[in-house]
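The values are calculated or read from the model by the stated rules, or taken from the named source; none is laboratory data. Everything numeric here is computed off the predicted structure, so don't read it as measured data. Ideal geometry is used to build each Cβ from the backbone, glycine not excepted, and the neighbour counts take in all protein chains shown. Areas reflect the complete protein model, heavy atoms only, side chains present, ligands, DNA and RNA absent. Shrake-Rupley method; radii C 1.70, N 1.55, O 1.52, S 1.80 Å.
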Amino acid sequence: MPANVATMQLVGINSRIKAVAKLLDIESNDVRIVGITGLGGIGKTTIAKAIYNSSFSNHFKAKSFVENVREWSKTEEGKIRLQEALLKGISEDKNLRVSTIYEGITRINRILRLKKVLIILDDVDNVDQIETLLGQCEGFAFGSRIILTTRYKSLLVNRNGLSTYDYGVKELDEDEAIEIFRKHAFPRNEVPEDYLELEKQAISYAKGLPLALKVMGRDLCEKTIHEWDDALDCYKKNPPKDIQNILKRSYEGLPENEKNIFLDIACFFKGYDMSYNMIKDVLKACGLNPVYGIRNLIDKCLLTIDQDNYYLSMHDLLQQMGMDIVRQEAPLKPEERSRLRCYKEALDVLTEDMGSDKIRSIILWPPKSEQVKVQIKAQFCKMKNLRLLLIRNVHCCNGPLECLPNGLSLLDWREYPFSSWPSNFFPKKLIVLNMPLNQLKEPFKQNFVSVTYVDFRWCKLMMKIPDLSMTPNITLLKLEGCKNLVEIDDSVGRLDKLKVWDLGSCDKLETLPNCLTMKSLKSFNLEGCERIKKFPNILHEMKGVEYLDLQGNYTNELPPSFGNLIGLKGLTISSNSGKAHLPGSIYNLQHIESLELTGDFIFPKNVEIDRQPVCNPLGCSSKYVFPMLKRLRLFRYEICSEIEFILNCCCPLTLEELEIHRSKVLTLPKSMSRCERLHKLIIRYCNKLREILGLPHSIRRVEVEGCRLLDLQSFFQPLPPNLPPCLGVTSHMIMLPRSFTMLPIWQNRLCEYSFELIGDENDIPNWFNHQRDGNLIEFSIGPEFPTIALCVAFGIQDYRDFDYCVFVSINGSERMFERKFIEIDWSFGHLCFSCRPQSSFQELFRDLQLTDRNHVQIHCETAFPHDPSSKEIAPIVKRIGVHVECNCISQDINRHRSSSVAQPLKKRNKTKKNYCCIE
């Protein structure tokens, strides 16, 4: 959609016009309304005018741009003038006059039925304004388009069946912001170098808002560098009025509920790591209606929320506007304001004991990381209406705290320095209690009746969680790292609303509640709690807990009710000593996707699931134990029969990853080949492992380390048949060292198959039918692309890691064959294998036409990843081997064969065959 010259000069306008045009979709014959929405000064009107003046409007029989709808709609006379402006655009009579609003609507509707029109209503803020100009939005001619510029997304609700779309205008990106700022600040397009840093500050301040960039640019134009510096500092304290007045329009029309919510978010919650749900609960406890109010603020583009409805935010300039509104409540007396966010002002109010009952929220947070010493004792006694209190990095250097307001809804005091609560603290409305690292000996009080979110992480003095039956609303309980916590009262196990319970790293914890009846529990962390003596009984089925990490002696005898955790998807369990017998109910965990076992766990045998036996006396399964299992990890398993049972009976076709570490596995059974999704196999330090009898087609990564009895032939023989012939090798083709470490076979973005092992240049198998010393090899291929396998031998070096690249060229056209990062022990030589099947190779050179005879060159390069320009010598490629599945023209190979080809190859190539020719 071409635009006129003036439009094209607008910064960033073309991409925005295209985005709106896509929603307008002029090829469609329906009638649709498109809203251009966003906060004030974002450029809504500019975009709308650009569309109106572009060639897009030529597709309509008539068009009309009606400006300042909100302003003119304040009086009946103004509404009539808007109707006349609309009629002048769509009517033949340019001097048409209207006497009453009803007359205007009637005339407008009559014309709209007859003509395909483009109508733009600029700055609309309520439904009445739309109905004054368009009636009930019925009877439009086919193909008509209506554009509304507005700060209110709710105006885009479906009207009489019309299609409605919203284009939310985004802030300018950095390049666009620089361009628009310089147009106004430096009209001659010359930016002195010493202004660049200040320019960066100005652009950062504007946060992509076009209005702010224009206003500041004009204000700073022709000013000295010192004036710039002073002006930017002034903006932070007193935003330019031209910007504030535009942004304030939306705020001034808000009811009291939304005004208070907006100011609380601007002066307290913005920049605070707190979810929407927590903010909503806190504001509700403050006497506000946040669900309705926040939705309205989002609708009016004063707030934004992420896609997951988790985090609220607002533009920085809106936040500054909110803080300025609060500052104007009492410009010279911060103690008379409703909210204190400025650190210096909050500090002065507290240290000088100037508080008042007008203060609703305080943030006392030094801008620097070091602690500030403050004497706090009875200052909060004067702040009876304080609802939100956040204190960080403040050291209180006097006696016990005498007072905290009972009206608090949120108390966030990290490293609370006092050993007890004030005796008169009875917070009936307290919702959030964030006090990690506090010095309280008894952090819970019986009168915390409304507390919902509790963070007491890393509290050293807390030894016991008391009776919490009087705090039934707790949904989040963070106790991670409470090193001296020993006991938890049984009442905690009956908190029906508790969703997240974190006890991680409570390494002295011995006693959990006897029973858990938590219907809402979703996250239960016991990682690092090895001293627990008994796992609780699960009295009812719990579907919410999906992941559980258990370790310690208490896992030796899990309760029969453990299977009531039917929602588990991930289970990590370890035993510190002896054999651990799993309960029969373990088979109720039918949703397990990830299972990690450390130690000797004995699975129950001859147990029925859904009245079908899991296994017969011979250990064969008639039904997989965990039908959804994807990841299985076994550590320090000493009982061979149990490993065999697990591999045969617990691994369904869904298995994707298998790891076995330091266990007495003897054989990886042939049954593993049925796991057609298995792509990752890791076996480390299994000294008894002798055979790998089966691998599925899907395998892409294999790591075998420290398995000294494993026979190489047993490894290579089960390689899946879908691998190219060059990798699906047979035993007589293997000439590899007996002691080896197998590193990844994986599917990556370049080679489809790749793996590494220990060996030197003499260990390149002789089935690689072309071999040469050095890092380059050349040969010819025929008219079809072949499958190519490559083996590169590196010499012994002092380096441990490097980048490795392989390039292949055909008739001078070069592509990357393979690239990867190699990290190995250089006390041995090293071999890298890689392969591209024919289909992959053909795709690599899809734009190349082969002739009857084509020259191929492969060369390898190495470099250090952290310093490619290093003058140190990178690891040396000693020798290259290539195996080519030949399809070239028949010729006498002996004429072209290299003298460096292995001797067995010479015997094989004496006759004329369809082999490739080495150059």
_Residues within segment 655-677 that are open to solvent by 30 Å² or more (accessible area, probe 1.4 Å) and under 36 Å from the mean Cα position of the chain (by Cα), tallied_ = 7
*Which ones in segment 765-778 are open to solvent by less than 20 Å² (accessible area, probe 1.4 Å), outside any loop (DSSP other than H, G, I, E, B) and either at pLDDT 90 or above or more than 23 Å from Thr862 (Cα to Cα) (or both)?*
Gln771, Ile777
*Determine, yes or no, whether Asp173 is in contact with a Ser or Thr (Cβ under 8 Å, 6 or more places away or on another chain) and under 30 Å from Ile47 (Cβ atoms).*
no
_Where the second residue is among the polar types (S, T, N, Q) and open to solvent by less than 80 Å² (accessible area, probe 1.4 Å) and the first is more than 15 Å from Asp194 (Cβ to Cβ) and in contact (Cβ under 8 Å) with a residue 12 or more places away in the chain and lies in segment 220-239, which pairs have Cβ atoms under 7 Å and are six or more apart or on separate chains?_
Pro239/Gln320
_Residues that are within 20 Å of Lys284 (Cα to Cα), of a type in the set (A, V, I, L, M, F, W, C) and buried (at least 18 other Cβ atoms within 10 Å of the Cβ), drawn from segment 435-465_ = Phe448, Val451, Val454
*Phe268, sole failed condition from (1) of a type in the set (A, V, I, L, M, F, W, C); (2) open to solvent by 30 Å² or more (accessible area, probe 1.4 Å); (3) closer than 19 Å to Arg360 by Cα*: (2)
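For (1) in contact with a His (Cβ under 7 Å, 6 or more places away or on another chain); (2) of a type in the set (Gly, Ala, Ser); (3) modelled with pLDDT under 90, each residue gets a yes or a no:
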| position | (1), (2), (3) |
| --- | --- |
| Val625 | no, no, yes |
| Arg631 | no, no, no |
| Ile643 | no, no, no |
| Leu655 | no, no, no |
| Ser663 | no, yes, no |
| Leu666 | no, no, no |
| Ser673 | no, yes, yes |
| Gly694 | no, yes, yes |
| Val702 | no, no, yes |
*Kindly list the number of the only condition in (1) part of a loop (DSSP other than H, G, I, E, B); (2) farther than 30 Å from Gln244 by Cα that fails for His395.*
(1)
*asked:* Would you confirm, using the coordinates I've provided, whether His184 is open to solvent by 60 Å² or more (accessible area, probe 1.4 Å) and either assigned to a helix (DSSP H, G or I) or without any contact (Cβ under 8 Å) to a residue 40 or more places away in the chain (or both)?
replied: no
*Check whether at least one residue in segment 470-478 is part of a loop (DSSP other than H, G, I, E, B) and more than 22 Å from Leu404 (Cβ to Cβ), and report yes or no.*
yes
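From the set of residues in segment 26-58 that are part of a helix (DSSP H, G or I) and over 11 Å from Ile13 (Cα atoms), which is most open to solvent (accessible area, probe 1.4 Å)?
Within segment 26-58, the subset part of a helix (DSSP H, G or I) is 44-53, 55-58.
Applying the additional criterion that residues be over 11 Å from Ile13 (Cα atoms) yields 45, 52-53, 55-58.
Working: Thr45: 46, Tyr52: 44, Asn53: 81, Ser55: 40, Phe56: 8, Ser57: 7, Asn58: 123 Å².
Per the stated criteria, the residue is Asn58.
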*Has segment 538-551 got any residue that is modelled with pLDDT under 90 and open to solvent by 10 Å² or more (accessible area, probe 1.4 Å)?*
yes
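Take Leu468 and decide whether it is open to solvent by less than 10 Å² (accessible area, probe 1.4 Å) and within 29 Å of the chain's Cα centre (by Cα).
Values: open to solvent by less than 10 Å² (accessible area, probe 1.4 Å): yes; within 29 Å of the chain's Cα centre (by Cα): no.
The answer is no for Leu468.
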*Just for segment 307-322: of the residues that are under 19 Å from Leu388 (Cα atoms) and in contact with a helix residue (DSSP H, G or I) (Cβ under 6 Å, 6 or more places away or on another chain), which one is surrounded by the fewest Cβ atoms within 10 Å (Cβ to Cβ)?*
Gln319
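Is it the case, given these coordinates, that Arg337 is farther than 18 Å from Ile391 by Cα and open to solvent by 60 Å² or more (accessible area, probe 1.4 Å)? Even if it seems obvious, please write down each step before you answer.
Values: farther than 18 Å from Ile391 by Cα: yes; open to solvent by 60 Å² or more (accessible area, probe 1.4 Å): no.
Answer is no for this residue.
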*Which condition breaks for Phe140 when tested against (1) open to solvent by 40 Å² or more (accessible area, probe 1.4 Å); (2) within 15 Å of Leu24 (Cβ to Cβ)?*
(1)
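Considering Ile203, Ile178, which residue is in a helix (DSSP H, G or I), of a type outside the set (Ser, Thr, Tyr), farther than 26 Å from Arg327 by Cα and under 35 Å from the mean Cα position of the chain (by Cα)?
Selected residue: Ile178, the only one of Ile203, Ile178 that is in a helix (DSSP H, G or I), of a type outside the set (Ser, Thr, Tyr), farther than 26 Å from Arg327 by Cα and under 35 Å from the mean Cα position of the chain (by Cα).
Being under 29 Å from Val394 (Cβ atoms), open to solvent by 30 Å² or more (accessible area, probe 1.4 Å), at pLDDT below 95 and not aliphatic (A, V, I, L, M) is the requirement here; does Lys478 meet it? Working first, answer last.
Working: under 29 Å from Val394 (Cβ atoms): yes; open to solvent by 30 Å² or more (accessible area, probe 1.4 Å): yes; at pLDDT below 95: no; not aliphatic (A, V, I, L, M): yes.
No; evaluated as a whole, the condition is false for this residue.
Does Phe56 qualify as being under 26 Å from Asn158 (Cβ atoms), of a type in the set (A, V, I, L, M, F, W, C) and at pLDDT below 90?
On the way: under 26 Å from Asn158 (Cβ atoms): yes; of a type in the set (A, V, I, L, M, F, W, C): yes; at pLDDT below 90: yes.
Yes; evaluated as a whole, the condition is true for this residue.
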*asked:* Being crowded, with 20+ Cβ neighbours inside 10 Å and outside any helix (DSSP H, G or I) is the filter here; which residues of segment 209-228 pass it?
replied: Leu209
_Failed item in (1) part of a loop (DSSP other than H, G, I, E, B); (2) within 17 Å of Ile474 (Cβ to Cβ), with His540 passing the rest_ = (2)
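If you check Gly38, Gly104, which single one turns out to be in contact with a helix residue (DSSP H, G or I) (Cβ under 8 Å, 6 or more places away or on another chain) and closer than 30 Å to Leu172 by Cα? Full working, then the answer.
Details: Gly104 fails: closer than 30 Å to Leu172 by Cα.
Going through Gly38, Gly104 in turn, just one is in contact with a helix residue (DSSP H, G or I) (Cβ under 8 Å, 6 or more places away or on another chain) and closer than 30 Å to Leu172 by Cα: Gly38.
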